[in-house]
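Shown next, in structure tokens, is the structure this report addresses.
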Amino acid sequence: MFQLFDANGDGFISPQEIIDALEVLGQGISLQDRSNLFNLLNKDDVVTRDAFMEWMVNRQDLDIRADLRQVFELIDVDGSGKLS
């Protein structure tokens, strides 16, 4: 996955490389994700492999939570916030 995002093959990922790769994959990037991404930049304004992997795991966790929330809302027919 890292190599896909590292377009120039320098062993690091720039914020623009991440944004471009996500758009190619049809994922896009939210303002919150952009903010989290820029927090990962090191002193050279690039993202290391380890920081990238951590960001992707956290991003996927948020996506899963949003999906689960939508499923719960579909099942919660009376809108009570409880399932019985």
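The values are calculated or read from the model by the stated rules, or taken from the named source; none is laboratory data. The structure presented is a predicted model; accordingly, all values stated were derived computationally and were not measured. Don't worry about glycine lacking a Cβ; one is built from the backbone with ideal geometry, like all the others, and counts go over all protein chains shown.
Sub-8 Å Cβ pairs linking a first residue in the range 65-84 that is among the β-branched types (Val, Ile, Thr) to a second residue that is exposed (fewer than 10 other Cβ atoms within 10 Å of the Cβ), at least 6 apart or interchain, are ILE75/LEU83, ordered by first then second residue. Close Cβ contacts (under 9 Å, 6 or more residues apart or on different chains) running from residues in the range 7-24 that are over 17 Å from TRP55 (Cα atoms) and modelled with pLDDT of 85 or more to residues that are in a loop (DSSP other than H, G, I, E, B) and β-branched (Val, Ile, Thr) comprise ASP10/VAL46.
Is there a residue in the range 59-78 that is touching a helix residue (DSSP H, G or I) at 6+ places or on another chain (Cβ under 7 Å) and at pLDDT 75 or above?
no
Of all residue pairs spaced 6 or more apart or on separate chains, those with beta-carbon atoms under 6 Å, a first member in the range 44-57 that is within 14 Å of GLN16 (Cβ to Cβ) and a second member that is in a loop (DSSP other than H, G, I, E, B) and of a type outside the set (A, V, I, L, M, F, W, C) are VAL46/SER14.
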